[in-house]
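The values are calculated or read from the model by the stated rules, or taken from the named source; none is laboratory data. Just so we're clear, the structure is a prediction, and the values are computed from it rather than from any experiment. With ideal geometry, Cβ positions are generated from the backbone for all residues, glycine too; neighbour counts draw on all protein chains shown. For accessibility, only protein heavy atoms count, side chains too; no ligands or nucleic acids. Shrake-Rupley method; radii C 1.70, N 1.55, O 1.52, S 1.80 Å.
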Amino acid sequence: MIQSVLEKEAHLKELVIKLLEEKNLKDFELLDSLFNEIKEELQNRQKTLN
């Protein structure tokens with residue numbers, strides 16, 4: 001499933017809020033995965049701009 005950067009950003013915000021409220025450790029792996037996806041996507045966009 002391909003998500004837009006904005007959708008990923010919204011999902012990250014929701015997860016961070018949930019983690020802060022619930023201290024739910026099971027979502028940290030998903031959070032880390034989403035950060036890595038966004039980082040890779042931003043790096044790819046930067047490469048295409050240069």
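Filter region 9-27 for residues that are open to solvent by 100 Å² or more (accessible area, probe 1.4 Å) and either in contact with a helix residue (DSSP H, G or I) (Cβ under 6 Å, 6 or more places away or on another chain) or not basic (Lys, Arg) (or both) and give the result.
Applying the first criterion (open to solvent by 100 Å² or more (accessible area, probe 1.4 Å)) to region 9-27 yields 13-14, 20-23, 25-26.
Selection gives Glu14, Leu20, Glu21, Glu22, Leu25.
Does Leu6 satisfy the condition of being open to solvent by less than 60 Å² (accessible area, probe 1.4 Å), at pLDDT 75 or above and assigned to a helix (DSSP H, G or I)?
Values: open to solvent by less than 60 Å² (accessible area, probe 1.4 Å): no; at pLDDT 75 or above: yes; assigned to a helix (DSSP H, G or I): yes.
Against the criterion (open to solvent by less than 60 Å² (accessible area, probe 1.4 Å), at pLDDT 75 or above and assigned to a helix (DSSP H, G or I)), Leu6 does not qualify.
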